[in-house]
Each structure stands twice: as structure tokens, then as C-alpha cells.
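Contents: one structure, followed by commentary.
The values are calculated or read from the model by the stated rules, or taken from the named source; none is laboratory data. Owing to the predicted nature of the structure, the values given are computational and were not obtained by experimental measurement. A quick note on method: Cβ atoms are made from the backbone with ideal geometry, for glycine too, and the neighbour counts reach across all protein chains shown.
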Amino acid sequence: MNFSDLNIENKLKRSIELADFKVPTPIQSQSIPISLKGKDVLGTAQTGTGKTLAFTIPMINKLLNDKQAMALIICPTRELATQVMETVLKLNIREIGIGNALLIGGESMQKQLRQLNKRARIIVGTPGRINDHIERKSLNLSKVNYLVLDETDRMLDMGFTPQIELILKFVPKKHQTLLFSATLPENILKISQKYLNNPERVSVGSLSTPIEKIKQETFQITPDKKYHELINQLVERSGSILVFVKTKHGADKIVKRLKYDGHKADAIHGNLRQSKRDRVIRGFRNGNNRILVATDVAARGLDIPVIKHVINYDLPQVPEDYIHRIGRTGRAGKDGSALTFLTNNDRNMWRSIQKLIDPDFKVKEEAKPNNQKGKKFNKKNKFKKKFSSYKFNKKKKFKSFEKKNNKRKFKNRKRPKNFKFKKNKRK
């Protein structure tokens with residue numbers, strides 16, 4: 001099937017051609033025909049498989065047919081919302097000309113108000129900023145009949161459930177809902193039962209298995225040698241590299257060291273303003289900076305085809321985020337590689353990740369020599385070993401403190417409180 005075979009407006013077909021979208025991906029070819037019929041969709045597919053276009057094409061076609069209708073797309077992060085809007089703008093050519101507004105934190109409220117005042121019918125935003133506009137009464141959702149919840153699992157993980165429910169109170173009951181996610185935990189199924197009306201289930205590939213073209217490697221290492229090995233990997237690899245770390249402070253610290261060592265690098269995390277985030281991503285996409293150090297804020301929604309390598313400097317806090325992290329490479333059918341640094345402290349999390357990828361995974365016990373018994377943690381043994389080298393002798397108990405001539409022994413030594421001499425009773 002090609003996009004030209006779809007039952008959509010000719011204007012939209014032309015915009016798809018101009019945007020150079022040729023052959024639909026599996027998730028697009030399965031979900032778009034269902035969406036065009038006005039049915040609710042519960043779609044799941046691996047990250048990087050084209051879910052954004054799967055809901056954008058039916059949305060624009062619906063708004064072309066109904067001049068009064070509105071569409072609302074809710075995303076978990078600013079980066080994802082920005083990229084969704086970029087896809088919308090590719091299809092929303094001048095001939096179509098549907099008003100739109102991007103409502104995300106970190107950007108000017110006045111700019112967003114101007115967009116809303118120009119009869120914006122496509123609203124893309126994050127839950128927090130959408131609620132801000134609802135409270136200010138600058139956003140009216142009474143005509144929304146096309147709702148998209150994108151990366152829903154991530155939104156629930158980030159604690160957006162109350163804000164999403166608050167937004168949906170202002171959306172008419174009669175509307176079409178498309179829920180897209182990369183994974184399908186139980187809380188997603190619950191929310192789909194609550195807000196979707198007899199949805200068509202669309203699933204492409206395994207939900208917990210990374211894309212096959214991504215080459216995965218691990219590197220056993222101690223924490224103190226991580227940075228030096230990172231430098232080695234940067235030298236050995238060619239192309240752009242995305243490095244994931246655990247904390248914002250850690251991201252800034254590594255970038256500072258990389259720049260000092262002569263590498264072109266930048267950081268992206270939650271403490272940056274949106275304008276700064278945009279500059280960082282633009283610089284990385286254009287090749288100005290070869291290395292991007294990021295927290296999990298970039299694990300989802302960061303669609304940069306040039307990323308050739310992902311390095312997990314630190315493991316994620318949640319096993320599912322590992323799938324999304326390495327999904328930043330190997331996008332749109334291209335090859336990619338993912339390297340993960342593992343320390344002794346990462347064992348439990350790494351096992352959880354392996355169980356997520358392979359439910360049949362079982363931890364293999366290390367082979368031990370026949371004459372060696374398993375060691376058990378014992379407080380007594382622990383301290384016994386620690387002090388086994390010290391031999392106490394009543395006569396030479398304080399030998400190390402004696403003077404060479406052995407004449408003086410602790411002349412000024414004070415007795416501890418409650419000290420009593422014990423007299424030995426003669427038998």
C-alpha cells in the first residue's frame with residue numbers, strides 16, 4: 001500500500017508527496033485506514049516506527065472535511081510535542097492552511113496566546129501548559145472531536161494522570177480517541193477502557209524487544225574507570241553519539257570534561273529552558289556537536305536520524321526506558337549500535353531489563369569449584385576476618401605505644417569512667 005492509495009483529500013495527498021513520505025510503515029498502514037473510518041485506536045509499536053504520521057494524516061483529513069472541528073494532541077515532553085508539530089507543519093501546507101498552536105512549558109505565553117487567537121484548530125502540547133491555558137480561559141476545547149494521547153505510558157510514568165483527566169473533562173464526550181504507546185503496561189489498559197470506545201487494537205512487533213537492526217553490547221567496568229572508557233569509545237566510533245546519564249548534574253559534569261578534552265559536546269536535561277533545548281537539539285542535528293549527553297528527558301520523542309550510537313553511561317531508573325533509550329538509534333530502518341556500561345551496582349536493574357526483553361530469561365549462577373562452598377554473609381565472620389591479623393596478648397597488649405626502653409607505660413593514661421578493679425577471690 002502507498003499513501004496515494006488512501007481514501008483522503010487530494011490536498012493532503014499532495015502535501016504527503018511534498019514532504020517526501022513514500023511508503024507507509026507497518027503501524028501506519030494498519031492504523032490509518034481504521035482512523036479514517038472514525039474508530040478509536042489503541043496502537044502499540046516500537047519506538048522509531050512512525051507512530052506520529054499514523055495519527056497526523058487522519059487528523060488533517062478530518063479537519064479538512066469538518067471546518068468547525070478541532071484536534072488535540074497531548075505529549076509527555078516538550079521535545080516530543082515540538083517534533084509532532086514539525087510533522088504537522090510538513091503536511092499543513094499553505095493550500096491546507098489549518099491554524100495550529102504549540103502549547104509547551106518554557107516558551108513565551110504571549111506567543112502561544114497569539115497562536116490561539118488565530119483560530120488554531122490543531123493543538124499540540126504537554127499536560128501542564130494545556131491546563132494553564134484552560135485555567136486562563138484562553139483555550140476552549142468544546143469543539144475537539146479528535147484526541148490523541150501520544151506516548152501514554154511515559155505520561156503515566158511521569159505522573160500526568162490527574163492532569164490528563166482534568167483536560168478530558170473539557171473535551172466533548174463524543175469524539176474520536178487515538179492512544180499510542182511504545183509499551184503496554186496494565187495502567188495503559190485501564191485508561192484505554194476508561195476513555196476509548198470499542199477501540200481497534202493495532203500492534204506491530206514486540207513491545208519489549210528493541211529493533212533488530214540495533215547492535216547491543218555491554219561493557220563490565222568499575223565506576224572510577226567509566227569516563228576513561230567513554231573517551232576510548234568516542235575515539236573508536238564514528239558519527240554522532242548520544243550518551244545517557246542518570247542525573248542533570250552528571251550530564252553537565254561530563255560535558256564539561258569532554259569539552260576540556262577537546263570533544264564537541266552539549267547537554268540536554270530538564271533544567272534547560274525550551275529555547276536552550278531547541279538550540280542544543282538543532283546543533284546536534286546539524287552536526288555542530290558530535291556528542292549529546294542527556295538524561296531520560298531525551299529517551300522518548302527525540303527523532304534525530306543521524307544518531308549512530310547510543311551509550312548508556314548509567315542505567316535508567318525504569319527497565320522500560322532502556323528500550324526507549326536505544327530506540328534513539330536505528331530509526332527508519334537504519335543500522336545502529338547501543339553500548340551499556342555495567343558496574344556491580346547495576347546487577348539488579350540489568351536483570352530486570354533482560355527479563356523485560358526476554359520473559360524466559362533466567363539468571364545463570366556462576367560455576368564454582370567443587371571444593372568451594374557458597375559464601376554467606378555473616379557479621380561475625382566479617383569482623384573476624386577484618387581483625388584476624390591483629391593478635392592480642394595480655395602481656396604485650398599495648399606494645400605499639402611503649403617506648404623503646406620499656407620503662408614507661410602510659411604514665412598519663414586516664415582511666416575510663418565507672419572503672420572498677422576486680423579483686424580475684426582466693427579459693
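Remarks
- Inter-residue pairs, beta-carbon under 8 Å, first assigned by TED's automatic domain parsing to the domain that holds residue 234 and surrounded by 13 or more Cβ atoms within 10 Å (Cβ to Cβ) and in the range 262-291, second among the acidic types (Asp, Glu) and in a helix (DSSP H, G or I), 6+ apart: 267/252; 269/252; 277/79; 281/79
- Selection within the range 308-360 - under 21 Å from residue 230 (Cα atoms) and of a type in the set (S, T, N, Q): 312, 317, 329, 337, 340, 343, 344, 345
- The helices (runs of 4 or more DSSP H) located wholly in the range 242-342 that include 3 or more residues which are aliphatic (A, V, I, L, M) and more than 18 Å from the chain's Cα centre (by Cα) occupy 248-260.
- Scanning the range 227-246 for residues that are of a type in the set (D, E, K, R) and either under 16 Å from residue 295 (Cβ atoms) or in contact with a strand residue (DSSP E or B) (Cβ under 9 Å, 6 or more places away or on another chain) (or both) yields 229, 237, 246.
- Pair list, Cβ < 6 Å and 6+ apart or interchain, from the range 161-173 residues that are closer than 11 Å to residue 134 by Cα and in contact (Cβ under 8 Å) with a residue 24 or more places away in the chain to residues that are buried (at least 17 other Cβ atoms within 10 Å of the Cβ) and of a type in the set (D, E, K, R): none
- Checked against (1) farther than 30 Å from residue 183 by Cβ; (2) modelled with pLDDT of 90 or more, residue 4 passes all but condition (2).
- Across the range 169-194, the qualifying residues are those that are closer than 21 Å to residue 31 by Cβ and assigned to a helix (DSSP H, G or I), and the one among them that is nearest to the chain's Cα centre (by Cα) is 188.
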